[in-house]
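None of the figures in this text is laboratory data; all of them are computed from the coordinates on show. Being a predicted model, the structure only gives us computed values, none of them experimental. Virtual Cβ from ideal backbone geometry, glycine too; neighbours counted across all protein chains shown.
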Amino acid sequence: MKNLYFICLIFLSIVYQSVARQGKPLFPDMPGMVSYTYRHSFQKDVAKTLDTLQQMGIKDMEFSNLFGKTAAELRKLLDERDMFCSSFGVSYPDLTTKTREVGQNAKTLGAKFVRVAWIPHDAPFDEEDALKASKDFNTAGKILKDEFGLTFCYHNHGYEFHPHKKGTLFDLMMKETDPKYVSYEIDILWTFFPGVDPAALIKKYPKRFKLMHLKDLKKGVEGNMSGGTPVENDVALGTGQLDLPAILKAAKKSAIEHYYIEDESPTYFKQVPQSIAYLKSLRY
């Protein structure tokens, strides 16, 4: 009996040491999904695409298209599947000219955030573009916050990191936008691509980022500040160039509330499950 007791103690000790070595999960929750990842599927059949995502365990959605539905119709489809839309992405023109319509649609969807991912400009993006966008974001952000209780976020796309004085145009936008009305969604690929460390940027502005796009860049691909790269350069998380553990550790200490996988590649249906498995495998 004593021998069995000691064997059990040894076994439990081994198990404990194994768990201790593994550490606690770095990303314990299921990530959200950007609708753009499944854009072709959504264009064909919204309900069936939501069924596919639900079966994968996805609940949190960021929609940047209503795919022919009204906001109320899309909300009903989400509710029926115990899914939700936390962020509603719109175009810059819609944000600035249809602000209240955008706000109402976002509220109907149940979203807490409204997001814009591109500033119209003639390359290269310059100080005038940055200042105009900042002014427009402050104006729209105030309406969305005061009248609808929504938080506006700007999603970086790479061209904002042109040098400006002692920093970048992105730093200028951070300075010129009012934190009460303008927050940010960090796209980690479009931060890394122009040569910026996503983890360092999050640490620099820990309270301004509220949302994150999880993406990885194919190994060997060199970046620039164009804001564009072939969609084939989006690869499964953990197989590309980005240091995901370092980025997520920085994010966990910031104000980021929602993390969405965005995979623009034509093989997203294969890569998304890989990305989810990778996130689950990460340990502190």
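Hydropathy first: keep DSSP H helices in the chain averaging at least 0.5 on Kyte-Doolittle, then drop any whose Cα extent along the axis falls short of 27 Å, and list what survives.
Result, helices passing both filters: 2-22.
With a 10 Å cut-off between alpha carbons and a GNM built on the chain, which of ILE261, ILE188, ILE247 moves the most?
Result for the chain, Cα springs under 10 Å: ILE247 fluctuates most.
In nm, give the distance between the simple-model label positions of ALA47 and ARG283, each being 7 Å from the Cα along the Cα-to-Cβ direction.
4.5 nm
Quick one: order VAL116, VAL231 by neighbouring beta-carbon count within 10 Å, fewest to most.
The order, fewest Cβ neighbours first, is VAL231, VAL116.
Tell me, PHE42, PHE67, PHE269 in order of fewest to most beta-carbon neighbours within 10 Å?
The order, fewest Cβ neighbours first, is PHE269, PHE67, PHE42.
Grab the DSSP H runs of the chain that are 4 residues or longer, score each as -39,500 (n - 2.57), total them, divide by all residues and round the 222 nm result to the nearest 500 deg cm²/dmol.
Only helices count here, giving -13500 deg cm²/dmol.
What is the spread of the Cα atoms of the chain along each of their three principal axes, largest first, in whole Å?
Rounded to whole Å, the extents work out to 79, 48, 37 Å.
Among the listed pairs LYS165/LYS249; LYS145/LYS175; LYS204/LYS249; LYS165/LYS204, which are separated by more than 25 Å between their Cα atoms?
As for pairs spanning more than 25 Å Cα to Cα, those are LYS165/LYS249.
Give, in nm to one decimal, the length gained when the segment between HIS164 and ALA200 is fully stretched (0.36 nm per residue of separation minus the Cα-Cα distance).
11.2 nm
Could you list which residues have their amide H under 5 Å from that of CYS85, counting only those 5 or more apart in sequence or on another chain, with H placed in the peptide plane?
MET61
Roughly how many nanometres apart are two label points built 7 Å out from the Cα toward the Cβ at LEU66 and VAL221?
3.2 nm
Considering the options PHE209, HIS164, PRO266, tell which one lies farthest towards the positive end of the dipole of the chain, charges being +1 on Lys and Arg and -1 on Asp and Glu at the Cβ, about the Cα centre.
Most positive-ward Cα: PHE209.
Report the antiparallel proportion of the DSSP beta bridges in the chain as a percent, rounded to a multiple of 5.
Details: 5 of 32 bridges.
Among the beta bridges of the chain, antiparallel pairing accounts for roughly 15 percent.
With unit charges on the beta carbon (Lys/Arg positive, Asp/Glu negative), name the residue among GLN43, ALA277, LEU95 whose Cα is farthest towards the positive pole of the charge dipole of the chain.
Of the listed residues, the answer is ALA277.
Treat the count of other C-beta atoms within 10 Å as a stand-in for reagent exposure and order THR70, THR239 from fewest to most. Before the final figure, lay out each step's value.
Working: THR70 11, THR239 15.
Ranking THR70, THR239 by Cβ neighbours within 10 Å, fewest first, gives THR70, THR239.
List the residues, sorted by chain then number, that are 5 or more residues from ARG115 or on another chain and whose placed amide H is less than 5 Å from its amide H.
PHE88, GLY89, VAL90, CYS153
For a quick check, take a GNM of the chain with Cα springs below 10 Å and name the residue from VAL221, VAL272, VAL34 with the largest mean-square fluctuation.
Comparing VAL221, VAL272, VAL34 in a Gaussian network model of the chain, the most mobile one is VAL221.
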